[in-house]
1. May I ask you to give the percent of accessible area on the chain that is carbon plus sulfur, with a probe radius of 1.4 Å?
2. Ordered by residue, what ³J(HN,Hα) values in Hz, to whole numbers, does segment 297-314 give under the Karplus form 6.51 cos²θ - 1.76 cosθ + 1.60, where θ = phi - 60° and Gly and Pro are x?
3. Return one whole number: the accessible area per residue of the chain in Å², for a 1.4 Å probe.
4. Just by accessible area at a 1.4 angstrom probe, what is the order of I159, I35, I117 from largest to smallest?
5. Explain nothing, just compute: Karplus ³J(HN,Hα) = 6.51 cos²θ - 1.76 cosθ + 1.60, θ = phi - 60°, for every residue of segment 183-193 in order, whole Hz, x for Gly and Pro.
6. When the helices in the chain are scored as -39500 (n - 2.57) per DSSP H run of 4 or longer and the sum is shared across all residues, what 222 nm value do you end up with, to the nearest 500 deg cm²/dmol?
7. Given a cut-off of under 8 Å on Cα pairs at least six residues apart, what relative contact order in percent is computed for segment 264-402?
8. Accessible surface of D367 in the full protein assembly, 1.4 angstrom probe, to the nearest 10 Å²?
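The values are calculated or read from the model by the stated rules, or taken from the named source; none is laboratory data. Source: prediction; values computed, not measured. We work out accessible area using only protein heavy atoms, side chains counted, and drop any ligands, DNA or RNA first. Shrake-Rupley method; radii C 1.70, N 1.55, O 1.52, S 1.80 Å.
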Amino acid sequence: MTTESIGRPADPRARIRDERLPMAALTALATAVFITSLTETLPAGVLPAMSGGLHVSESAAGQAVTVYAAGTALTAIPLTAATAGWRRRRLLLTAMAGFAAANTVTAVSSDYPLTLIARFVAGVAAGLAWALLAGYARRMAPARLQGKAVAIAMSGIPIALSLGVPAGTFLGRTLGWRAPFLIMTGLTVVLLAWILAAVPDHPGQRAQERPGMLRALAVPGVAPVLFVTLVFVLAHTILYAYIAAFLDHAGMGGSTDLVLLAFGIASLASIWFTGAHIDRRLRALTIGSVLLVGAAAGVLGATDGTEVLVYLAAVLWGLGWGGVPTLLQTAAADAGGSHADAAQAMLVTLWNVAMAAGGIIGGVLLDALGTASLPWSVLLLLVPAFVAVAGSRAHGFPATSE
């Protein structure tokens, strides 16, 4: 400390600068989140064309979603531990370079096994990225703005959901299903340069303890949250992974992008509403989400392809599903308490296990019983999810005073 700093008051302009959020860096992280989210879900919007290009059935093409989720589920925890000492920017660049390589191979490959390998690699990259991004955003921000920093970084999810998937579906229909994956590669290359230019580096951890999974699982409330995560995500994925096939068989194959746009816009509204009320309405919001997705599945199961009902179901589905990631992550952190990190690690792993299983089960149902079985399977799975939420009144999804 200099004599000048002792004798003069701190420059208020410097203090303001110190408390500003690094928007260029946070927007780069949001773009990374956008790429990971869109890469994961893009096959759902181009499934019929993708199956034709790879010369496999739609259920086989749907496994592109399954192996992505499997890549994340199998490697997220061990790779996060193995790379704990890496500098953060180096790790982020490595993960995003993995996306560029995987999406490029997916775009040019006509070999089904090679495509699945590329999708698995993308899932591995996603596991690295998701374990890194929220903490990275927090380290960039002043303490009082860390929550806002994470919210900005995570804004890539609703943007991918509401705009990215419909746009990718439209481009896939007009330019061919490979075009969206090539565009994703180009965007990732731009992002790599952006990260180098705008994202500050931070050191990794010198040592990292492995999450105390068993201890976290024994904490009251954690197990119900994890069960709801598994069942709810499984139900959603069974239908979402094959929504293009469902709409195609309903005579609305040409409207897949518009249906997904309706779903995405409703999801944005759900995310906003959830963010505004989650602190005091976690239980009610979670119950409402289960009921709305169940109502959507019932409408889709009962409709004979009537467009108005399909769009109504898409809106109900989006309103129910949009806030679910935030709700379940918050519930796991609240229930876990001092074991929140371990609870979150299990939630991320189970989330991707459910996605992988949803792709497999949905494919089996599609081949054995046809598309009509998908929404009714969703409705059936949501029954135990509702019972678990309703029964976890003391822990997990507690009733709070107004």
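1. 67 percent
2. Taking θ as phi minus 60°, the curve returns 5, x, 5, 5, x, 8, 6, 9, x, 5, 4, 4, 5, 5, 5, 4, 4, 4 Hz for segment 297-314.
3. Heavy-atom SASA per residue in the chain reads 43 Å².
4. Largest accessible area first, the list is I117, I159, I35.
5. Rounded to whole hertz, the list is 4, 4, 4, x, 4, 5, 4, 4, 5, 4, 5.
6. -26000 deg cm²/dmol
7. Numbers: 144 pairs, mean separation 46.4, N = 139.
Value for segment 264-402: 33 percent.
8. Roughly 110 Å² of D367 is accessible to a 1.4 Å probe.
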